[in-house]
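The values are calculated or read from the model by the stated rules, or taken from the named source; none is laboratory data. None of the values given here were measured: they were computed from a predicted structure. A quick note on method: Cβ atoms are made from the backbone with ideal geometry, for glycine too, and the neighbour counts reach across all protein chains shown. SASA here: full protein model, heavy atoms, side chains in, ligands and nucleic acids out. Shrake-Rupley method; radii C 1.70, N 1.55, O 1.52, S 1.80 Å.
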Amino acid sequence: MSAGDAGTTPRTFVPPLIVTQDNAFWFEGAKEGRLLIQRCTGCGALRQPPGPCCPVCRSFGWDTVESSRRATLHSYTVVHRPRDAAFGYPLAIGLADLDEGVRLVADIDGVDPADLRIGMPLDVVFTEHAHGETLPRLRPRQEPV
Ligand code: ZN
């Protein structure tokens with residue numbers, strides 16, 4: 001096995017998430033299956049990912065709105081190499097436009113990466129992370145038939 005090629009090496013180390021006082025609400029929401037978007041109480045601007053200060057009006061006041069978890073694929077990448085033993089490959093990572101008007105970066109599953117298309121409808125689902133946290137993932141929308 002060459003350096004950077006994890007091959008079939010068991011997953012041994014998944015980096016822990018960095019939870020701070022500025023993003024703890026977001027992870028708590030994810031644990032409940034809710035995608036929360038920070039909203040400035042000064043000007044109403046939505047921001048994602050969370051941050052301490054509004055980039056529009058500089059207010060530190062905020063509350064949250066709950067996302068519909070509906071999105072559209074804005075862009076994506078499929079990582080093949082270098083491989084890290086902590087992740088599965090090919091690893092599809094998407095940049096999605098949430099219906100609320102902000103973007104989310106998350107892994108994409110439930111689809112062959114060759115079938116990904118810009119503009120395809122996605123849903124945000126939640127899965128358990130290696131350390132017990134819950135993280136959002138993007139999955140092609142399954143329209144009811
Ligand atoms: Zn603001």
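Per-structure values
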{"quantity": "Most mobile listed residue (Leu104, Leu17, Leu35) in the chain, GNM with C-alpha springs under 10 Å", "calculated": "Leu17"}
{"quantity": "Average accessible surface area per residue within the stretch 18-66, 1.4 Å rolling probe, Å²", "calculated": "57"}
{"quantity": "222 nm mean residue ellipticity, helices alone, for the chain (DSSP H n ≥ 4; -39,500 (n - 2.57); rounded to 500)", "calculated": "-1500 deg cm²/dmol"}
{"quantity": "Accessible surface of the chain, 1.4 Å probe, proportion on carbon and sulfur as whole %", "calculated": "53"}
{"quantity": "Convex hull (Cα only) mean projected area of the stretch 18-66, reported in nm² to one decimal", "calculated": "3.1"}
{"quantity": "Positive-end residue, the stretch 18-66 charge dipole about Cα centroid, Cβ charges, pick of Leu36, Ser59, Phe25", "calculated": "Ser59"}
{"quantity": "5 angstrom amide H check on Val79, placed H, neighbours 5+ away", "calculated": "Leu91, Ala92, Ile93"}
{"quantity": "Only Lys, Arg (+1) and Asp, Glu (-1) charged, at Cβ; the stretch 42-145 dipole about Cα centre in debye", "calculated": "300"}
{"quantity": "Those Cys residues of the chain for which no other cysteine Cβ falls under 4.7 Å", "calculated": "Cys53"}
{"quantity": "Residue among Pro140, Gly119, Val102 farthest towards the positive dipole end of the stretch 68-145, charges placed on Cβ", "calculated": "Gly119"}
{"quantity": "Loop-resident sites, the stretch 21-66, for GluC sites (Glu not before Pro), counting at most 12 other Cβ within 10 Å (DSSP)", "calculated": "Glu32"}
{"quantity": "Per-residue ³J(HN,Hα) for the stretch 99-114, Karplus 6.51 cos²θ - 1.76 cosθ + 1.60, θ = phi - 60°, Hz, x for Gly and Pro", "calculated": "4, 6, x, 10, 10, 9, 9, 7, 5, 10, 9, x, 8, 5, x, 5"}
{"quantity": "List Arg83, Arg47, ordered by accessible area with a 1.4 Å probe, largest first", "calculated": "Arg83, Arg47"}
{"quantity": "Pair-distance profile P(r), taking every C-alpha pair of the stretch 17-145, with 5 angstrom steps and integer %", "calculated": "2, 10, 19, 20, 19, 16, 8, 4, 1, 0"}
